[in-house]
Amino acid sequence: MTEVKRMDRRERVFKALECQEVDRTPWVPYAGVQTANLLEGVDAEAFLKDADKIVEGFGKAYEKYTPDALPILFDIQMEAEAIGCELKWSKNNPPAVATHVLEDDSCSVADLPRPDENSGRYPVTMEAARRIVKLYGDKIVIYALICGPLTLALHLRGVGLFSDMIRKKTKERADELLAYCASIGKDIARMYRDVGVDVIAVVDPMVSQISPKHFESFVKGPTTDLNTYIREELKLYVMSFSCGDATKNLELMCETNTHGIAFDENVDLAYAKEVAQKHHVAYGGNLPLTTIMLFGTPSENVAEAKRELEIGKGAGYILSPGCDIPYNTPIPNLVAIADYVSGNYTSLEDFPDESLADDGEDFEDVAVEPGKVFIEVITLDSEGCAPCQYMCESVRGILGQYEGKISWRESLVKTKAGIRRMKKLGVANLPVMLINNEVVFNNIVPTRAELIEAIDKRL
């Protein structure tokens, strides 16, 4: 086998995106709000609202994690905010969408504005992007992340979108909304092109929550239109990313004129590799965010990176986390992966081999009283994970109909107690909804009608 010549970081990523041989697997850490943790005393909200902090955090991640590419930000709520949705801010997560401008029928798609460089937080973001491209654009590949059509539609419409997609009389409304969301993606991608980014990552986590039938009917067309515009009009690379168990839709994602797909630990890397290579697209993933990166030791992170590299190796593979790296992820864990991938890793003597301390008592089963229902939603974190958010919203949406009859909780897998709970229940994918301690909706957000039917059955 012919040895591949040594490449610089930019060439390495571009060759991988073109499914060509590279000298080593590219390393692309999705260091979003985690880069705020590299700045002393800076929380996620302060970071995402300040161009100086964004640029400084990017620089710190560039220095410490020796990446081949980095995203400017990992915040797929900016489009919804600029269109008129209110956000709920967090100190250690990106914000979550708190209100949905199309939740009732008083507003239609025709009434919605079109964000530009002066809308919402885009003046801050574009200023940061310009400076980052100027400082680092000749050294590494710069990713810009935009919200995918389906997830943006959920942000704007709320969980009612799922009902729109299955009712004959409202399907046209769902089509109109998804087309609008794809057109907003084009506008934002063009803004990023104009400041000089290299790759547009279309982040659509809600793709993992729908069936292939609904992907084919509602999402494939708008997404293909968006990806084609990015490739052919803007002349940029485009990656299609979905967290959660997107296994059922991987083939369809590959058919949307994308350069590559990205996914998290819910997707089997060997299977994703097979699908991606069949369609001649790149594939990126899927270091586990919590069990390894957040709570593991440096040596466990190196061992996992080695395992992923052995499975995924081949033309088109990019090593990366499954999603936005959690804010509190220990810096030595990321440095250890970076050193191993770059070939600088020799030993762990410089890294304290300690995981994060335990964080509380276990989540126990709740005894179910006659005539009542207990609902538990196991999530990564509904504040920072769109599928988790909308599964929790589906529960909140029906509480008023069952006053006094329903209790519920969210069990976060961002805690060790949550991880133990997940293992105890034998749950493999997130998010999951249990009713009376029984898994009912596994990695799929129920419609209002489906959830009511499941509750009534148990009452």
Problem set entry | Counted charge near Ala144, where neighbours are those whose Cβ lies closer than 9 Å (Asp, Glu -1; Lys, Arg +1) | 0
Exercise. Going toward the positive end of the dipole of segment 262-333, with +1 on Lys and Arg Cβ and -1 on Asp and Glu Cβ, which of Asn328, Thr290, Leu309 do you reach last?
Worked result: Leu309
Seminar exercise, completed: Between the alpha carbon centres of segment 92-113 and segment 71-87 the gap in Å comes to 11
Exercise. Just how far, in whole angstrom, is segment 179-197 from segment 253-311 if you go by their alpha carbon centroids?
Worked result: 26
For this session: State the Cα centre-to-centre distance between segment 213-248 and segment 396-428 in whole Å.
Result: 31
For this session: Select from Ala129, Val97, Tyr65 the residue farthest towards the positive end of the dipole of segment 50-134; place +1 on Cβ of Lys and Arg, -1 on Cβ of Asp and Glu, and compute about the Cα centre.
Result: Tyr65
For this session: Tabulate in residue order the Karplus-calculated ³J(HN,Hα) for segment 109-122, using 6.51 cos²θ - 1.76 cosθ + 1.60 with θ = phi - 60°, rounded to whole Hz; enter x for Gly and Pro.
Result: 4, 5, 7, 7, x, 10, x, 9, 4, 9, 8, x, 9, 5
For this session: Return the subset of Lys88/Lys457; Lys53/Lys423; Lys60/Lys414; Lys278/Lys306; Lys186/Lys220 for which the Cα-Cα distance in this structure is over 26 Å, preserving the input order.
Result: Lys88/Lys457; Lys53/Lys423
For this session: Identify unpaired cysteines across the chain, taking unpaired to mean no other cysteine Cβ lies under 4.7 Å from the residue's Cβ.
Result: Cys19, Cys85, Cys107, Cys147, Cys181, Cys254, Cys392
Exercise. What order, most packed first, do the peptides 309-322, 403-416, 288-301 have when packing is the mean number of other Cβ atoms within 10 Å of each residue?
Worked result: 288-301, 309-322, 403-416
Problem set entry | Where the Cα pairs of segment 144-187 fall when distances are cut into 5 Å bins, in % | 5, 26, 32, 19, 11, 5, 1, 0
Exercise. Of all DSSP beta bridges located in the chain, what percent are antiparallel, nearest 5?
Worked result: 25
For this session: Arrange Lys423, Lys220 by Cβ neighbour counts within 10 Å, fewest through most, would you?
Result: Lys423, Lys220
Seminar exercise, completed: Under the Karplus relation with 6.51, -1.76 and 1.60 and θ = phi - 60°, whole-Hz ³J(HN,Hα) for segment 190-203, x at Gly and Pro, equal 5, 4, 5, 4, 5, 9, x, 6, 9, 10, 9, 9, 8, 9
Exercise. Where does each of Ser208, Ser342, Ser394 land when they are ranked from fewest to most other beta-carbon atoms within 10 angstrom?
Worked result: Ser342, Ser394, Ser208
Exercise. From Cα coordinates alone, what are the radius of gyration and Dmax values for segment 1-146 in angstrom?
Worked result: 18.1, 64
Exercise. Taking neighbour Cβ counts within 10 Å as the exposure measure, how do Thr228, Thr151 sort from fewest upward?
Worked result: Thr228, Thr151
For this session: Would you mind calculating the relative contact order of the chain from Cα pairs under 8 angstrom and at least 6 residues apart, reporting the percent as a whole number?
Result: 16
Exercise. For the chain, what are the per-bin percents of Cα-Cα distances with bins 10 Å wide, up to the bin holding the maximum?
Worked result: 4, 21, 33, 27, 12, 3, 0
For this session: Could you grab the relative contact order for segment 373-458? Cα pairs under 8 Å, six or more apart, rounded to a whole percent.
Result: 40
For this session: Tabulate in residue order the Karplus-calculated ³J(HN,Hα) for segment 180-185, using 6.51 cos²θ - 1.76 cosθ + 1.60 with θ = phi - 60°, rounded to whole Hz; enter x for Gly and Pro.
Result: 4, 5, 5, 5, 5, x
For this session: Add +1 for every Lys or Arg and -1 for every Asp or Glu among the other residues with Cβ under 12 Å from the Cβ of Ser119, and state the total.
Result: -3
Problem set entry | Unit charges on C-beta of K, R, D, E only; dipole of the chain, Debye | 780
Exercise. Counting every Cα pair in segment 373-458, what percent are over 14 Å apart?
Worked result: 59
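Read-outs throughout are calculated quantities, based only on the coordinates presented, and are distinct from any laboratory measurement. Computed from a prediction, not measured in an experiment: that's the story for all the values here. Here the Cβ is made from the backbone with ideal geometry for all residues, glycine too, and neighbour counts use every protein chain on show.
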